[in-house]
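Visitor: Here it is, the structure in full.
The values are calculated or read from the model by the stated rules, or taken from the named source; none is laboratory data. All values derive from a computational prediction rather than experimental measurement. Quick reminder, even Gly has a Cβ in these numbers, built from the backbone with ideal geometry, and neighbours come from all protein chains shown.
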Amino acid sequence: MSHRRPFAAALAGAAALIAVGCGTDGIRVVAGDASEVPTPGSADPAGPFTGGLDLTEAVDQRNMLDVPVAVKDNLFEPRVVRVSAGTSVAFTDQGLNPHNVIPSTEGQFVGIPTGDLDPKMSKAVTFDKPGIYAYHCSIHGTANKGQRGLVIVD
Amino acid sequence: MRSTPNSDTNTNTITKTLIAQHSRCPRPRDGRPLTAVTRYVPRMRTRFIKLMAVGSLTALCAAVASCGDSGSSNAGGTATTKGGGTSKAPFTTLEVGEGKAYTTIQNAVDAAKGGELILLSPGVYKEAVVVEKDNLVIRGLDRNKVIIDGEFTRDNGIKVLANGVAVENLTARNHKSNGVFFTGDYDSKVVLDGYRASYVTVYNNGDYGIYAFNATRGQFDHDYGSGHPDSPYYIGQCNPCNAVVSEVVAENNFLGYSGTNSTGVSIVNSRFSQNRIGISPQSQDGEKEAPNDGGIIAGNNVYDNNNPDTPQKDEKLDLAFGTGIVAAGTNNYKIVKNRVVDNKRANIVLILWPFGQIFDPHKNEVRDNVTSGAKEYADLVLALADTSGGALDNCFSGNTFETARPAAIEKVAACGSASEKGFEGIDATALAGGAPPYKDYKTMAPPPDQPGMPDPATSPPVPADTSWNPIKVELDKIKVPTKV
């Protein structure tokens, strides 16, 4: 469930999310170390990896603690979201086919493997550190084409 | 390395030797080894001798670069496949297999250029191939012995995210998701343009056999599919799809054909038997481009789709077991001149799509089909949410049938005249629900060998590029199939 996040609650929520807790289905995947993730406007001449997606299409969800992303056949909706650090992004398969969420930069965060995101299933990933996290469904896309998305973390 | 009756082995050896000797020649940008590429250049020997006499490295390099444009009349000839499109000689072949220049399909794909042929030797290829390069042709030398095996661990056999790619004369089996998958770039409005799967066998894949999504201008022909818990052939989310499914066989699957929100697909001259359901186009709100707004189902043999020894994804799909053709929430479909018999629940059904957003069928035409033997419900069925508004311009005429719901279906919903209102309603839930236990797709028996494409070793490649078009369907030339 999404809700507005007061500042104090955000701090408490962020602390709680460090520990293993429950996501939308009782199992939460905690994002990995994003310290090397290039940030928007970074000095990296190559820029952050975005899989060719347009950062300006981001849906701003920075006032939300839990952000839903619908996983459909065969796309993520919204495809680009912008959230605050510590936000839990819940992926829910609303389609008829299995999907997965694979980080396009290996190891950037802990993804959701095939089998954990079948129709009607939901799984959350918590993004604790600022950066740009590109991901894709390896069944129906690649890092650069097809079913893929971005989480921009401020 | 080269495999054509027009090939000149000596010339080719000389060419490759010269190329190897002159290592200062610029390599192709893609970095592939020049020695691994076979070009059909019979006149190159003379050209190279002259060039060597001059001793000009620059000229030699230029000659190599122009090999593909030598214009020789022996350089592979010209090929035209069904559906149009022409491949002009010369062409390049990249050979894959044990002892060949490439040992994996992916390596050859990565090295190939548009218009080139990737030719696979017999063998079991345990890899997941991704194609992001336009206009390639991937062909097996033996349909039944070139096998891409997912071992129930890999998702897709060949995943194509590029335009104009053709896959021919091979088998894709045992994938968790799809055997061969063509797809556009979702949400970016980039639709895949041009695809073809010919003489492809798909079996025991966990989702679809040959799957086209967000793609246009396509063709499945002479394919065979069995053992799928969904369907061996699926075309979805496209408008216009401009796609043809022709002369294929589907048996022992959950569905023989499925297509969601796929406007402009023709399914013709094919056989669908021993599945749970034969053919089912639908409209759904789970994918974009709803509704499914037009298509042709003609000249097909659809019979005995009552097979309990078939896979199914899960209990949620306990639907419509024992039906032949089920058009669910579609508009403007022409279902004509099919032989649809002995599907025990119902043979041809126009029905609303009841899950999520409800789609009633509109303006579908069921004409000149031969049906019989649907003992449980009826040969012809029109099931609407509400009949007070009439038949919603759906019509039935000229069919051969024994039973119908409503009984006077060709009177109350005749083609060419206004329908009656308030005719007999149908309990769609009773019609659609129920199915026997199903099998695990991984346990299904492999199919028998299937006939291969003509001359796979020598036929020039015909990619589904912009000069190619799918088979043109001419309804007046299609006939009702005879009894098998």
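Visitor: Restricting attention to the range A:46-67, which residues are more than 13 Å from chain B (Cβ to nearest Cβ), in a strand (DSSP E or B) and surrounded by fewer than 20 Cβ atoms within 10 Å (Cβ to Cβ)? Can you show your working first?
Guide: Initial filter on the range A:46-67 (more than 13 Å from chain B (Cβ to nearest Cβ)): A:46-49, A:55-56, A:58, A:60-67.
Subset that is in a strand (DSSP E or B): A:60, A:64, A:66-67.
Correct list: A:ASP60, A:MET64, A:ASP66.
Visitor: Which of the residues belonging to the range B:189-224 are closer than 22 Å to A:ASP118 by Cα and either more than 14 Å from every other protein chain (Cβ to nearest Cβ) or among the small types (Gly, Ala, Ser) (or both)?
Guide: Taking the range B:189-224 and keeping what is closer than 22 Å to A:ASP118 by Cα, we get B:203-214.
Selection gives B:TYR203, B:ASN204, B:GLY206, B:GLY209, B:ILE210, B:ALA212.
Visitor: With (1) within 13 Å of chain B (Cβ to nearest Cβ); (2) of a type in the set (A, V, I, L, M); (3) buried (at least 19 other Cβ atoms within 10 Å of the Cβ) as the list, and A:MET121 as the residue in question, which single condition is left unmet?
Guide: (3)
Visitor: Kindly provide the set of residues from the range A:76-118 that are of a type in the set (Lys, Arg) and within 14 Å of chain B (Cβ to nearest Cβ), ordered by number.
Guide: A:ARG79
Here's the yes/no breakdown for (1) at pLDDT 95 or above; (2) under 30 Å from B:ASN174 (Cβ atoms); (3) surrounded by fewer than 21 Cβ atoms within 10 Å (Cβ to Cβ):
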position	(1), (2), (3)
B:ALA374	yes, no, no
B:LEU382	yes, no, no
B:ILE409	yes, no, no
B:ILE426	no, no, no
B:LEU431	no, no, no
B:LYS439	yes, yes, yes
B:PRO448	yes, yes, yes
B:VAL462	yes, yes, no
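Visitor: Yes or no: A:THR126 on the phi < 0 side of the Ramachandran plot and more than 14 Å from every other protein chain (Cβ to nearest Cβ)?
Guide: yes
Visitor: Scan the range B:275-297 and tell me whether some residue there is of a type in the set (Gly, Ala, Ser), within 16 Å of B:ALA250 (Cβ to Cβ), touching a residue at least 40 places away in the same chain (Cβ under 8 Å) and in the same structural domain as B:ALA432 (by TED's automatic domain parsing).
Guide: yes
Visitor: Sticking with this one: Only residues that are within 12 Å of chain A (Cβ to nearest Cβ) and among the polar types (S, T, N, Q): list them for the range B:273-298, please.
Guide: B:GLN282, B:GLN284
Visitor: Counting only residues that are away from chain A (no Cβ under 14 Å) and assigned to a loop (DSSP other than H, G, I, E, B), how many does the range B:152-188 have? Give the derivation first.
Guide: As a first pass, look at the range B:152-188 and keep what is away from chain A (no Cβ under 14 Å): B:164, B:166-174.
In the following step, the residues that additionally are assigned to a loop (DSSP other than H, G, I, E, B) were identified as B:164, B:174.
Residues that pass the stated criteria total 2.
Visitor: How many residues, within the range B:234-250, are assigned to a strand (DSSP E or B) and within 14 Å of another protein chain (Cβ to nearest Cβ)? Break it down into steps so the answer makes sense when it comes.
Guide: The first filter runs over the range B:234-250 and keeps only residues assigned to a strand (DSSP E or B), leaving B:234-236, B:238, B:243-246, B:249-250.
This time we only want the ones that are within 14 Å of another protein chain (Cβ to nearest Cβ), so: B:234-236, B:238.
Number satisfying all stated conditions: 4.
Visitor: While we're looking at this one, here's another question. Restricting attention to the range A:71-107, report how many residues are touching a strand residue (DSSP E or B) at 6+ places or on another chain (Cβ under 6 Å), within 13 Å of A:HIS136 (Cα to Cα) and in a strand (DSSP E or B).
Guide: Residues meeting the conditions: 9.
Visitor: While we're on this one: Which condition breaks for B:TYR186 when tested against (1) aromatic (Phe, Trp, Tyr); (2) at pLDDT below 95; (3) touching a Lys or Arg at 6+ places or on another chain (Cβ under 7 Å)?
Guide: Among (1) aromatic (Phe, Trp, Tyr); (2) at pLDDT below 95; (3) touching a Lys or Arg at 6+ places or on another chain (Cβ under 7 Å), B:TYR186 violates only (3).
Visitor: For the range A:108-154, how many residues are part of a strand (DSSP E or B), under 21 Å from A:ASP66 (Cα atoms) and either more than 14 Å from the chain's Cα centre (by Cα) or of a type in the set (A, V, I, L, M) (or both)?
Guide: 9
Visitor: Can you tell which of B:LYS133, B:LYS126 is more than 15 Å from the chain's Cα centre (by Cα) and farther than 22 Å from A:GLY52 by Cβ? Before you say what the answer is, go through the steps one by one.
Guide: On the way: B:LYS133 fails: farther than 22 Å from A:GLY52 by Cβ.
The match here is B:LYS126.
Visitor: Further question: Could you check how many residues of the range B:400-435 are part of a loop (DSSP other than H, G, I, E, B) and under 29 Å from the mean Cα position of the chain (by Cα)?
Guide: Of all residues in the range B:400-435, those part of a loop (DSSP other than H, G, I, E, B) come to B:401-403, B:406-408, B:413-427, B:434-435.
This time we only want the ones that are under 29 Å from the mean Cα position of the chain (by Cα), so: B:435.
So the answer is 1.
Visitor: Still on this structure: If you take the residues of the range A:132-152 that are surrounded by 24 or more Cβ atoms within 10 Å (Cβ to Cβ) and more than 16 Å from A:GLU77 (Cα to Cα), which of them is nearest to the other protein chains (Cβ to nearest Cβ)?
Guide: Among those residues, the one meeting the criterion is A:ILE139.
Visitor: Return the total of residues in the range B:277-289 being modelled with pLDDT of 95 or more and either of a type in the set (S, T, N, Q) or surrounded by fewer than 22 Cβ atoms within 10 Å (Cβ to Cβ) (or both). It would help to see each step written out before you state the result.
Guide: Of all residues in the range B:277-289, those modelled with pLDDT of 95 or more come to B:277-283.
Retained after the next criterion (residues that are either of a type in the set (S, T, N, Q) or surrounded by fewer than 22 Cβ atoms within 10 Å (Cβ to Cβ) (or both)): B:280, B:282-283.
Qualifying residue count, the range B:277-289: 3.
Visitor: Tell me, please, whether a residue that is surrounded by 24 or more Cβ atoms within 10 Å (Cβ to Cβ), within 12 Å of chain A (Cβ to nearest Cβ) and assigned to a strand (DSSP E or B) can be found in the range B:133-151.
Guide: No; the residues of the range B:133-151 include none that is surrounded by 24 or more Cβ atoms within 10 Å (Cβ to Cβ), within 12 Å of chain A (Cβ to nearest Cβ) and assigned to a strand (DSSP E or B).
Visitor: What do you reckon, is B:PRO354 surrounded by 20 or more Cβ atoms within 10 Å (Cβ to Cβ) and not aliphatic (A, V, I, L, M)? Walk me through it before giving the result.
Guide: Details: surrounded by 20 or more Cβ atoms within 10 Å (Cβ to Cβ): no; not aliphatic (A, V, I, L, M): yes.
The answer is no for B:PRO354.
Residue-by-condition table, conditions (1) modelled with pLDDT of 95 or more; (2) among the polar types (S, T, N, Q); (3) surrounded by 24 or more Cβ atoms within 10 Å (Cβ to Cβ):
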residue	(1), (2), (3)
B:ARG196	yes, no, yes
B:GLN237	no, yes, yes
B:VAL245	yes, no, yes
B:PHE254	yes, no, yes
B:GLN274	yes, yes, no
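Visitor: What tally of residues in the range B:370-399 results from selecting those that are over 33 Å from the mean Cα position of the chain (by Cα) and in a strand (DSSP E or B)?
Guide: Looking only at that region, the number is 0.
Visitor: Something else: Could you look through the range B:328-340, keep only residues that are outside any loop (DSSP other than H, G, I, E, B) and free of Cβ contacts under 8 Å to residues at least 60 places away in the same chain, and pick out the one that is nearest to B:SER372 (Cα to Cα)?
Guide: Our first condition is that a residue be outside any loop (DSSP other than H, G, I, E, B); within the range B:328-340, this holds for B:328, B:331, B:333-336, B:339-340.
Subsequent filtering for residues that are free of Cβ contacts under 8 Å to residues at least 60 places away in the same chain retains B:328, B:331, B:333, B:335.
On the way: B:ALA328: 21, B:ASN331: 25, B:TYR333: 21, B:ILE335: 16 Å.
The extreme case among them is B:ILE335.
Visitor: Exactly one of these conditions fails for B:SER266: (1) assigned to a loop (DSSP other than H, G, I, E, B); (2) outside the structural domain of B:LYS133 (by TED's automatic domain parsing); (3) touching a residue at least 60 places away in the same chain (Cβ under 8 Å). Give me its number.
Guide: (1)
Visitor: Also, quick follow-up: Condition test on B:GLY256, is it in contact with a strand residue (DSSP E or B) (Cβ under 8 Å, 6 or more places away or on another chain), within 23 Å of A:LEU75 (Cα to Cα), assigned to a strand (DSSP E or B) and more than 13 Å from chain A (Cβ to nearest Cβ)?
Guide: Details: in contact with a strand residue (DSSP E or B) (Cβ under 8 Å, 6 or more places away or on another chain): yes; within 23 Å of A:LEU75 (Cα to Cα): no; assigned to a strand (DSSP E or B): yes; more than 13 Å from chain A (Cβ to nearest Cβ): yes.
So B:GLY256 fails the test.
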